[in-house]
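Inspection log for the structure reproduced underneath, given as structure tokens.
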Amino acid sequence: MEYKFSRKIAELKPSAIREIFKSLTDPTIISFAAGNPSPESFPVDELARLSAEIFENQSTTALQYGITEGYAPLRDAIAARQKKRFGENMVREDDSVIVVSGGQQGIELACKVFCNEGDAIICENPSFIGSLNSFRSNGATPVGVEMEADGISLSSLEKALKNTPNAKLMYLIPTFHNPTGITTSLEKRLAILELAKKYDMVIIEDNPYGELRFAGEDIPTLKSLDTDGRVIYCSSFSKILSAGMRVGFIVAPSAICSKMAVAKQGEDVHTNGFFQMLCYKYMTQCDMDAHIAGINDLYRRKCNLMLECLDKYVPVDKVTFTRPEGGLFIWGTVKNCDDASAIVKKAVEKKVAVVPGTAFNCDTEAKSPSFRLNYSTPSDEQIVEGVKRLGEVFASL
């Protein structure tokens, strides 16, 4: 039988990262291709204890249907933590909190609520492949704007806003950007909000890594700086508790949240109730600040180790690397190169996997001289050996 897929799905390509995972069954391959938190960051003992308490004392609530907006105590705890961590203006009087099935669903719901098929979304280029594919699957077209060392190019952003009358949203990852690791400066954040006001745009601020700062000073979120109700703030517990729980959240004006809740009802009714309760119990009964500080100590060490090895083993005249202050990723760009895909293939031949920059392009036909490395997942020994192998690849060019 010949299957006639919808136009929205027929031309959608699978995530290059997920496809790379399929090739990593060879135990001799060292993978810098993942975007996973370190298994060392999971508070297993505490989660086991809290899980037992839930099943002993609140099993009916945990196993029964819940409301679409999410477990009320968790929503209150999220609002309180966001204010504590990022300032009182993170959750304003007319804002609401919705719990979603991972940050990815929050991004998808925002697209679904605002975009008709054929509309456009202004994005940093490169950008997170999961969001780009979500936009495409909803019939929206990602329009890429080039990145600079301190965030999106403002001149190119305004040009894109002028030249894309069907743009409905801006999608930005301003803090420890995926894939580049870049953090947008305060000056640019303020300018972005001014441009959003000038062109009457709503912004999705994707901030899954915001608490994973291990160097430098905090910069206010777009949401905390927004006074017009233009920012939909999306984050999750994936990088600070467990990625597998798939618990994320949205903070946005109540009028937007109510529409997102209706859209969510058509997808999964509500986010997993047990894991919502588990997140709430961890937030209120454990020392989350100390836990996150431990994660940041771990990632500081791993990031510094990878950067030291890159400086030592990869020729500086051939590749440049970003130097993130947090998050999970380092971005390599090959000098005098239009497309690094062949180099990525050579790396796999050397038994080390990285993600080609083309996977993150808004334009699926465009080339990229870059590639992404992850330092949270591999062991220290794998980081050293894997970077040595990358150095051999570049030395042979």
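The values are calculated or read from the model by the stated rules, or taken from the named source; none is laboratory data. Predicted model only: the values in this text are computed from it and were never measured. All Cβ positions, glycine included, derive from the backbone under ideal geometry; neighbour counts span all protein chains shown. To get the accessible areas, we keep the full protein, side chains included, count just its heavy atoms, and leave off ligands, DNA and RNA. Shrake-Rupley method; radii C 1.70, N 1.55, O 1.52, S 1.80 Å.
Taking the conditions exactly as written (touching a residue at least 24 places away in the same chain (Cβ under 8 Å), surrounded by 22 or more Cβ atoms within 10 Å (Cβ to Cβ) and part of a loop (DSSP other than H, G, I, E, B)), does residue 131 satisfy them or not? So residue 131 does not fit the description; no.
Regarding the stretch 341-349, can at least one residue be identified that is in contact (Cβ under 8 Å) with a residue 60 or more places away in the chain and either open to solvent by 60 Å² or more (accessible area, probe 1.4 Å) or under 30 Å from residue 210 (Cβ atoms) (or both)? Yes, the stretch 341-349 has at least one match.
Consider the stretch 350-370 and keep the residues that are in contact (Cβ under 8 Å) with a residue 12 or more places away in the chain and open to solvent by 50 Å² or more (accessible area, probe 1.4 Å). The one that is nearest to residue 240 (Cα to Cα) is 351. Within the stretch 134-157, the set of residues being buried (at least 22 other Cβ atoms within 10 Å of the Cβ), free of Cβ contacts under 8 Å to residues at least 60 places away in the same chain and either more than 18 Å from the chain's Cα centre (by Cα) or not in a helix (DSSP H, G or I) (or both) comprises 140, 145, 151, 152, 157. For the stretch 51-74, which residues satisfy the criterion of being open to solvent by less than 70 Å² (accessible area, probe 1.4 Å) and either in a loop (DSSP other than H, G, I, E, B) or touching a residue at least 40 places away in the same chain (Cβ under 8 Å) (or both)? Across the stretch 51-74, the qualifying residues are 51, 53, 54, 58, 62, 66, 68, 69, 70, 71, 73, 74.
The condition (being touching a Pro at 6+ places or on another chain (Cβ under 8 Å) and of a type in the set (Val, Ile, Thr)) is satisfied by just one residue among 221, 227: 221. Within the stretch 371-393, the residues that satisfy the criterion of being open to solvent by less than 10 Å² (accessible area, probe 1.4 Å) and either farther than 18 Å from residue 331 by Cβ or in contact (Cβ under 8 Å) with a residue 60 or more places away in the chain (or both) are 372, 373, 374, 375, 376, 378, 383, 386, 387, 390, 391. If you go through the stretch 313-327 and keep only what is free of Cβ contacts under 8 Å to residues at least 40 places away in the same chain and open to solvent by 70 Å² or more (accessible area, probe 1.4 Å), you end up with 316, 317.
Open to solvent by less than 30 Å² (accessible area, probe 1.4 Å), at pLDDT 95 or above and not aliphatic (A, V, I, L, M): does that describe residue 32?
So residue 32 fits the description; yes.
Restricting the first member to the stretch 164-177 and to residues that are at positive phi, and the second to residues that are small (Gly, Ala, Ser), the beta-carbon pairs closer than 9 Å and six or more apart or on different chains are 176/210; 176/326; 176/327. When residues in the stretch 27-53 are screened for being under 25 Å from the mean Cα position of the chain (by Cα), among the polar types (S, T, N, Q) and over 18 Å from residue 209 (Cα atoms), 1 of them pass. If you take the residues in the stretch 230-244 that are aliphatic (A, V, I, L, M) and open to solvent by less than 10 Å² (accessible area, probe 1.4 Å), which one is nearest to residue 44 (Cα to Cα)? Only one residue fits best here, namely 241. When you look at residue 360, is it modelled with pLDDT of 95 or more and under 20 Å from residue 307 (Cα atoms), yes or no? No: the conditions fail for residue 360.
Condition test on residue 180, is it among the hydroxyl-bearing types (Ser, Thr, Tyr) and open to solvent by less than 20 Å² (accessible area, probe 1.4 Å)?
yes
Go through the residues of the stretch 104-113 one by one and say whether even a single one is assigned to a loop (DSSP other than H, G, I, E, B) and crowded, with 20+ Cβ neighbours inside 10 Å. No; the residues of the stretch 104-113 include none that is assigned to a loop (DSSP other than H, G, I, E, B) and crowded, with 20+ Cβ neighbours inside 10 Å.
Summed over the stretch 158-195, the residues that are part of a helix (DSSP H, G or I) and over 13 Å from residue 121 (Cβ atoms) give a count of 14.
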